1. One residue is enough: does the stretch B:280-303 have a residue meeting the conditions basic (K, R) and part of a helix (DSSP H, G or I)?
2. Has the stretch B:231-244 got any residue that is within 14 Å of chain A (Cβ to nearest Cβ), assigned to a strand (DSSP E or B), more than 25 Å from the chain's Cα centre (by Cα) and not aromatic (F, W, Y)?
3. Can you tell me which of (1) more than 14 Å from chain A (Cβ to nearest Cβ); (2) touching a His at 6+ places or on another chain (Cβ under 9 Å); (3) within 30 Å of A:Y237 (Cβ to Cβ) is the one B:T101 doesn't meet?
4. If B:W396 satisfies every condition in (1) within 14 Å of chain A (Cβ to nearest Cβ); (2) in contact (Cβ under 8 Å) with a residue 60 or more places away in the chain; (3) in contact with a helix residue (DSSP H, G or I) (Cβ under 6 Å, 6 or more places away or on another chain) but one, which is the exception?
5. Go through the stretch B:102-114 and report how many residues are of a type outside the set (D, E) and surrounded by fewer than 15 Cβ atoms within 10 Å (Cβ to Cβ).
6. Go through B:V194, B:V174, B:V117 for me and flag whichever is more than 10 Å from chain A (Cβ to nearest Cβ), aliphatic (A, V, I, L, M) and buried (at least 22 other Cβ atoms within 10 Å of the Cβ).
7. Take the conditions within 8 Å of chain A (Cβ to nearest Cβ), hydrophobic (A, V, I, L, M, F, W, C) and either at positive phi or assigned to a strand (DSSP E or B) (or both) and apply them to B:F199. Does it pass?
8. Residues of the stretch B:207-216 being more than 20 Å from the chain's Cα centre (by Cα) and at pLDDT 95 or above, which ones?
Amino acid sequence: MKKIFLLSTLFLVSTMLFAEDKGSQILRISDQYRNAWPSFVVRLRITSFKNDKQKNARNLEVMVKGDKKSLVRFLDPDQKGQYLLMLEDNMWIFAPNTRRPIRISPLQRLLGEASNGDVADITFSENYNATSVSEETVGGRECFRLELTASNDKTTYQRVEYWVTKIESLPVKAELYLASGKHYKSVTYDEFKMIHNRLTLTQMTLHDRLRNNSHTIMEFLEYEPQTLQEKYFNKNYLTQLK
Amino acid sequence: MKAKSFLISVVFGQFLFLSLAWSQGTFKDHGKLRYRFSAIHETQYQQLNSTPLNVDNELVPQPRYNSLSSADLFLNWRAFTLDIKANALFSELEDANYEYTLRELYFGHPLGDHVQVTVGRKILKWGTGFAFNPTGVVEPAKDAGDPSDRLNRFQGRPIVALDTYWGNHSLTLVYANELKSEGRIRLASDELAVKFYSFIKDVDVSLIGHWKEKEKVKFGFNTAYVYGDHLALHSEFIAQVGSNELYHRALDRADHEIFLGDSLFTVKYQSSKRLFYELLLGMQYTFDSGLNLMAEYFYDRAGLTSDNWSQWRRFTLFHQKQIRELPPNEASFPEFYNALNTLSPDGAMRHYGFFRAYLPKRKFGLELILLGNLVDRSGILIPTFSYSFNSHLNGWLRSSYFEGQENSEFGMLFTKTSLELGVKLSF
């Protein structure tokens, strides 16, 4: 009996380790479609819908460096001069009327459906661990289904179900859950294009599961690979930005 | 004179050359002219308070109606930044008043990858608090009832600043001088400030030092921290040994029916070894719905006690009555008005609380602010409804209710309620 128990435990742990190892590999490949260069600048349009009617549209520019640093610049007339800095899961907003960076929590939403975490958090591989990998067909495509748990308690979504295509590990969809277990958002990765010789995500849709009939489309309009200095990701440098 | 002009031209030319030569990885429109323009119009109606300090609105006439129109232009081209504002104020009591304000005009340029130099007039904000900023040693004066500066009132200070950035740290050195313009520009009091910032274990920490000519050296710190998805905490603390604060001489006298003449103020604690400090503790919580609640507690050791306040009030009311006598006592006029001028716009006493509830929706926002004196339980309630017509145009309806007993800090102010209707156009 003891032997069976030991063998079962060993099998379970091995499976988890295998899943984690394979899952990590899949996540790293899949993240490359969303974070294709070591550092780059991307222009975004975020459009909010309610009952399929357009409610709001926002234009942004985002500097991304590595997996954990991003600087968002708001372009619309009523938000000109506003910036959002994200270092891992720590966030600061800078507004021209207050003239100082303000520390904010992940849930302080500024963009309608897309919380700050969604906008700036481009990758899963650095913030999540894959605890299981299974296979599923989604929309006629053979996919891996990964169960992800956040690697630290500061991550906006503590649990994620993530589907990627089996062959290319292209992101297909994701279900996002808060620490409380609440199903918060559904994401579909809608469109990919060749940009600077890399297949890159150009459109994703976020559905709010708490507020029915609301969704947001994020379009990645233009990518520009660039070398970015560290000071752009220092909170106090926000006061130098215009 | 010619040599001075030549030198200024050379220095300016150097700045211009450095600005043109500056090229770094940045956003798409780097090197292009960036601008922001906003035009604001706000109309205010006030219901006056029947406070004994201003019976029948005679001694300190307050307008029941006024309106403000302003236009603010912000320009940035490479290293040069300009922010200029034009105001037109219309009041039932006075002729229209037109003025312009140079909010900012400065040159900011990097020296290498880690250092930034700034010269000119710039708005600096160092505090982490929302309504109160004790560590804002180089900040412009703030209205605690309007922390987000909806009317663009902040104005920069002439500074020379050096910022150094490395990793999650930065060091800022500031020299400031409020230049005097009396026929020709002259230096006023020298002022130095230093801030060391570090982001350690997910906590923003800033250590701050401040020195100004003829004032006490101050040291302090501020922090900010986020816990989980919902909760953010912040604090500020600044202290000095002794105090240069000016106190009205009436506060020290047992009798309030006195005439002080020209000798109105005293620096009571100049030589004191006591620690005078200001403390701010604040938190904000955001619910899943987006509702944000914020609360702050502010303490100022140098503020007036309840006894000080009562004494000040008795003195001021005495002279107010003397003025209303027939014939009025002429000597009481300066005593009365000078006493009113001793009140600090940040609050004259020691313990204050601030509460804010804000619910942002796509098209509109609802805000409720409560600012209060925690000792005499007086305060202001400010509800605001704001609406976004489109990305260029938004408006607001804001009202203020001053509550408190007649002898309280907010209860004795000249306004009982006010209503503001405003609109802002942005490009």
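The values are calculated or read from the model by the stated rules, or taken from the named source; none is laboratory data. None of the values given here were measured: they were computed from a predicted structure. In this analysis, Cβ positions are derived from the backbone assuming ideal geometry, glycine residues included, and neighbour counts consider all displayed protein chains.
1. no
2. Checking the stretch B:231-244: at least one residue is within 14 Å of chain A (Cβ to nearest Cβ), assigned to a strand (DSSP E or B), more than 25 Å from the chain's Cα centre (by Cα) and not aromatic (F, W, Y).
3. The number of the failed condition is (2).
4. Result: B:W396 passes all but (3).
5. Total satisfying the criteria: 3.
6. B:V174
7. Judged against the criteria, B:F199 is a match.
8. B:L207 - this is the single residue of the stretch B:207-216 that is more than 20 Å from the chain's Cα centre (by Cα) and at pLDDT 95 or above.
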